[in-house]
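The values are calculated or read from the model by the stated rules, or taken from the named source; none is laboratory data. Quick caveat: nothing in here was measured; it's all calculated off a predicted structure. As a convention, Cβ positions derive from the backbone with ideal geometry for all residues, glycine included, and neighbour counts pool all protein chains shown. Heads up: the accessible areas ignore ligands, DNA and RNA and are worked out on the full protein's heavy atoms, side chains in. Shrake-Rupley method; radii C 1.70, N 1.55, O 1.52, S 1.80 Å.
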Amino acid sequence: MTLALCIGANTAIFSMVYALVLKPLPFPAPNRIVEIYNQFPLVGLNHFPSNIVQYTDFKTNTQAFAAIGLWNEGQVTVGDGSSSQRIAEGNCTAEIFDVLGVSPVIGQFFTLKNSRSGEDRVIVLTESFWKSHFNEDPGVIGQAMRVDGNSYHIIGVAPQSLEAFNARVRFLRPVAWNPATINPMARYSCNISIFARLKPNVSVGGALAQVAGLERHYYDTANPMMRGLLDRSGHQIAVGLMQAERVKPIKPSLYLLQGGVVFVLLIGCVNIANLLLTRANGRQSELAIRAALGATRGAIARQLLVESLLLTTAGALLGIGLAYGAVDGINHFTAKLLSNSLPIAIDDRVLGYAVGIAVAVGLLIGLLPVVHSLRANLAEVIHRSSRSASGGRGVRAISSILVTGQVAVALVLLTGAGLLIHSFANAIAVNPGFDPQNLVAGAIALPGSYQAKDRALAFQRRLDQGLREIPGVEDAALATGVPFQGGLPINALTLKDSLLPRNAPQPGAFQIGVSLDYFQTLHIQLLEGRFLQDTDTANGRLAYVVDQHFEQRYFPGHTAVGGHFTFGVAPKNDADWPVIVGVVRNVPHNGVDDTSNNPFVYYPLQTSTPGGIHLFVRSVRPLADLLATLRDKLRTLDPSIPLFETGTVQQAIDDSFDYRRAVMILLVGFAVLALFLSAIGIYGVLAYDVSQRTREIGIRGAIGATRGQILGLVMRQGLWKTGIGLTVGLISAVLLSRYMASLLFDLKPTDPWAYLWVSLILALVAMAASYLPARRAAKIEPIEALRTE
C-alpha cells in the first residue's frame, strides 16, 4: 500500500507535468511555432500582447516566418432571446491555420479576404462543438448562426488538434479591420496576440533579431513623445516558443508538485527498504541453510532482488490504478492551473514512467538487503546463538540512518506545505477595499444593435433604473469589471504637473468604467474629495476618481484631489485636462497576484459604450430568487440580452484564489502522506529495535530498572533520531525554500513561524510513533524475557 500510494501520486502528478510541459503539441513541427509579444518591464508588464500594426509590419518586412497570424479569445452571445447562451470563441486571421498546420475536418477555413470589414460573417466550428451541438452532421456547412445579434454562416469544422492550442473556444471567426483606419501611433495599443511559424532555417534568436530590428526602426522614426514612452517603460519585443510561453507562469508550481511527490516516493522507498532489511536480517538462518545446500551468493542475491521487484510490481499495479482514479481530480486542479488546456489522460508514456519508477524502486530497495546479506558470514550464522543480538546491530544502525534521512525529507516537504498555507492565509486576509457581503454580480453583452452611442447610453440608464426597482434591492450599480477578476485595460498616462523624478518609469494605470452609484453600492470608502457626479461630464471635461496607490505613486507627499492627468497625448488647452475629484481605498481588481503594481482609475461609465457591462446589486434576498428576478427584469428591458457570469461577489473573490488553493491542497496532501510514512518508519525501527533487545530489556528490569526508565530509554532513542533528522531537514529546507519565493504572497521563504510549527508537528508525531514501542518495551516482564532465552 505504501508503494501504491507513492507510485500512484507520482504517476498522477507526472501525467499533469507531461501533458502541460513535456508533451509536444499535436501540430507538425510544434517547436517551430512561436509567440511574438511585447514587454514593458519598467512598469511591471512582462508579457503583453501585440497589435495589428505590429502584425502588418512583421508580416511585410520580415523573412523569418513561413506564416504569421493574429489570435484573440473572447466571449460572445450565441442564439436569440431565452435560448441564447454565452460561449467562448477565437478571433483569428486565416494564417493561424497555417501556423498550426491543421486542415479542416469538413468544409473549409476562412481566407485573408474575410479579414476585410463586411466580409467577415463566416464561422469555423471546433470539432468538439460540432459533435456536441450538431451531432457531427456534415450538413452543418452553410447553416446560419446568430452571434451577438448578427447572422454568420458556418463554412467548416476545425480538427480536434486545434483545441490543444486553446481548449476553451468553441468556434472561430475572422479578425476584420479596415486597412485605411490603422493608425501607426496605435502600435502599442496591445490587444491581440501574434503567433508565427518559423521557416526551417530560422532560429528563435534569428526571428527575434529581425522583429527587434523593425522595432528599432520604428523607434528611430517615432516622435519624441513616443520614444520617451518606450524608454520609460523599458519596451522590448520578445519571441518565444509557443508551448514554453503558455506554461511559463505555472512551471514553478508544476515543478514544486513534482518535487513534492518525488520526496514522498523517497520516504516510501526508505520505509520499504527498512522493512526488507529487517526481514532479510530475520532470514539470515534460512539464507545460511540455502548456502550450505549449495546456493551461490549470486542466486541468493537474485532471489532477494526478484522478491523486491515482485513487491514493487504489485505496488505499481495498484498505484497505476490509483492514478487512473485520480485523473478527474487532477483535471480539476489542471483547470485551475491552465484553464485553456485539454483534459489530461494517462497515456503510454506516462505508463512507461510508472513502470520505470517501479523497476528503479525495486532495484533500489532490493539492493540494501542484498548487500547486507552478502556481507554476512553465512557459515557463522548457523552456529551463532539466537541469544546474541549482534546480528541485528548493523541492521539497527542502517535503519536508524534511513529514518533520520526520512525525517529530514519529510520536514522539507512539510516546510513547503507550511509556507504555502501561511502564504494562502496572507492572500485571503488581504482587505478587499469594499464590502462583498450580500453583493451579487452578473454580466451582460450588448448586441450590435447598440453600437450607436446614444442608444447604448439610453440602455445603461434604463438598466440602472430597472435594477433599483427590483424589490429588496438596496443599491445597484454598473461597471466594466468585477473586483479580483482582472481583464481591465491598462494605458500610459501623462501628468500635467508631474512630481516624479525625470528618470521615473512611465506612469500608467488600469481603467474601470463605473456608474455614479458604484462606490456607494460596493461600500468603497472615500478618503479624499468626492465621488463622481452627473455634472462631471456636463462641460466635456472628464473627471476621475483614483485609488490610494495612484496618489502615493504619482503624487508623493501631496493630495491627488485637484490634480490633472490624461491617458495618451496631453491636451493643448489647460481647460481640457481631466481632473481628479476623489481618492478611494485600494481595491485589488486584478487579484492579489497582480505583479504589475499599477494603480486603478475610475471614470464615468456614461462617457463610453462598452460592449460588456457588469451589474451589481446589494440585497439580502436568497441568491436563486434574486437572480430569477434579475433575469425577468432584463427580459422586460430587452429579451435578446442574456444574463451570465452570475453569483455573489464573495464567490468571485474566492475563485480568484483557485490557483493558489490548488497548489496548496496538492502539496499539503503530499506533506500529510509524508508525515504518515515518517511516523510508520520511526515506529517500525523502534519496534524492531525493541524485539531485538528483549533480553537486554529483561535484564534491565531484573536489576531494578523501572517501567518509566525503560519507557524513557526507548523514547529517547526515537527522539534522538528525530532530532538529528529535524536538524538536517531544517538546513535543507532553508536552502531549498528560496526556489518557492515566486509562489509566496507577502511572505519570505525563511519565515521562522512556518519552520517552528512544522518542526513542532513532526516532533509530536515522532513522539507518538516512539511511544507505542516504548510502552511495549516497558511492559516486558523480566522473567518472561529471560525464559524465552
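Numbers at a glance
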read-out: Near pairs, Cβ below 9 angstrom, 6+ apart or cross-chain, from the stretch 312-331 (in contact (Cβ under 8 Å) with a residue 40 or more places away in the chain and of a type in the set (Gly, Ala, Ser)) to any residue that is open to solvent by 40 Å² or more (accessible area, probe 1.4 Å) and not in a helix (DSSP H, G or I); value: Gly315/Met1
read-out: Qualifying residue in the stretch 542-557 (condition: at pLDDT below 95, aromatic (Phe, Trp, Tyr) and within 34 Å of the chain's Cα centre (by Cα)); value: yes
read-out: Answer residue from the stretch 149-168, given it is buried (at least 18 other Cβ atoms within 10 Å of the Cβ) and either out of contact with any Asp or Glu (no Cβ under 9 Å at 6 or more places or on another chain) or modelled with pLDDT of 95 or more (or both) and is nearest to Leu338 (Cα to Cα) among those; value: Ala167
read-out: Qualifying residue in the stretch 197-215 (condition: within 22 Å of Glu73 (Cβ to Cβ) and open to solvent by 40 Å² or more (accessible area, probe 1.4 Å)); value: no
read-out: Any chance Asn274 is more than 20 Å from the chain's Cα centre (by Cα), surrounded by 18 or more Cβ atoms within 10 Å (Cβ to Cβ) and under 22 Å from Val264 (Cα atoms); value: yes
read-out: Conditions (1) touching a helix residue (DSSP H, G or I) at 6+ places or on another chain (Cβ under 8 Å); (2) modelled with pLDDT of 85 or more; (3) open to solvent by 60 Å² or more (accessible area, probe 1.4 Å): number failed by Val592; value: (3)
read-out: Matching strands (runs of 3 or more DSSP E) fully within the stretch 97-185 where at least 3 residues are β-branched (Val, Ile, Thr); value: 122-126, 150-158
read-out: Check on Gln506, modelled with pLDDT under 95, at negative phi, of a type outside the set (Phe, Trp, Tyr) and open to solvent by less than 60 Å² (accessible area, probe 1.4 Å); value: yes
read-out: When residues of the stretch 65-86 are limited to those that are of a type in the set (A, V, I, L, M) and in contact with a helix residue (DSSP H, G or I) (Cβ under 8 Å, 6 or more places away or on another chain), the one farthest from Arg116 (Cα to Cα); value: Ala66
read-out: Some residue of the stretch 316-339 being touching a Lys or Arg at 6+ places or on another chain (Cβ under 9 Å) and surrounded by fewer than 15 Cβ atoms within 10 Å (Cβ to Cβ); value: yes
read-out: Residue check, Ser203 in contact with a Phe, Trp or Tyr (Cβ under 7 Å, 6 or more places away or on another chain) and more than 30 Å from Val668 (Cα to Cα); value: no
read-out: Which listed residue, of Val734, Val690, Val714, Val649, is closer than 19 Å to Gly405 by Cα and out of contact with any His (no Cβ under 6 Å at 6 or more places or on another chain); value: Val734
read-out: Matching option when the condition is at pLDDT 85 or above and either aromatic (Phe, Trp, Tyr) or assigned to a loop (DSSP other than H, G, I, E, B) (or both), among Ala425, Ala345, Ala360; value: Ala345
read-out: Long-range neighbours under 9 Å by Cβ, at least six apart or interchain, first residue farther than 18 Å from Ala543 by Cα within the stretch 512-525, second among the polar types (S, T, N, Q) and buried (at least 18 other Cβ atoms within 10 Å of the Cβ); value: Thr521/Ser515
read-out: Number of positions in the stretch 570-589 that are closer than 14 Å to Gln485 by Cα and open to solvent by 10 Å² or more (accessible area, probe 1.4 Å); value: 1
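Residue-by-condition table, conditions (1) under 22 Å from the mean Cα position of the chain (by Cα); (2) surrounded by fewer than 20 Cβ atoms within 10 Å (Cβ to Cβ):
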site: Val17; (1), (2): yes, no
site: Val21; (1), (2): yes, yes
site: Gly44; (1), (2): yes, yes
site: Ser50; (1), (2): no, no
site: Phe58; (1), (2): no, no
site: Ala64; (1), (2): no, no
site: Glu73; (1), (2): yes, yes
site: Ile106; (1), (2): no, yes
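Conditions tested, residue by residue: (1) among the hydroxyl-bearing types (Ser, Thr, Tyr); (2) farther than 30 Å from Leu230 by Cα; (3) in a strand (DSSP E or B); (4) within 37 Å of the chain's Cα centre (by Cα).
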{"position": "Leu500", "(1), (2), (3), (4)": "no, no, no, yes"}
{"position": "Pro505", "(1), (2), (3), (4)": "no, no, no, yes"}
{"position": "Ile512", "(1), (2), (3), (4)": "no, no, yes, yes"}
{"position": "Phe519", "(1), (2), (3), (4)": "no, yes, no, yes"}
{"position": "Ile524", "(1), (2), (3), (4)": "no, yes, no, yes"}
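Yes/no matrix, rows are residues, columns are (1) under 28 Å from Leu338 (Cα atoms); (2) open to solvent by less than 20 Å² (accessible area, probe 1.4 Å):
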residue	(1), (2)
Leu626	no, yes
Leu630	no, yes
Asp655	yes, no
Met664	yes, no
Ile680	no, no
Tyr688	no, no
Ala702	no, no
Val714	no, yes
Leu730	no, no
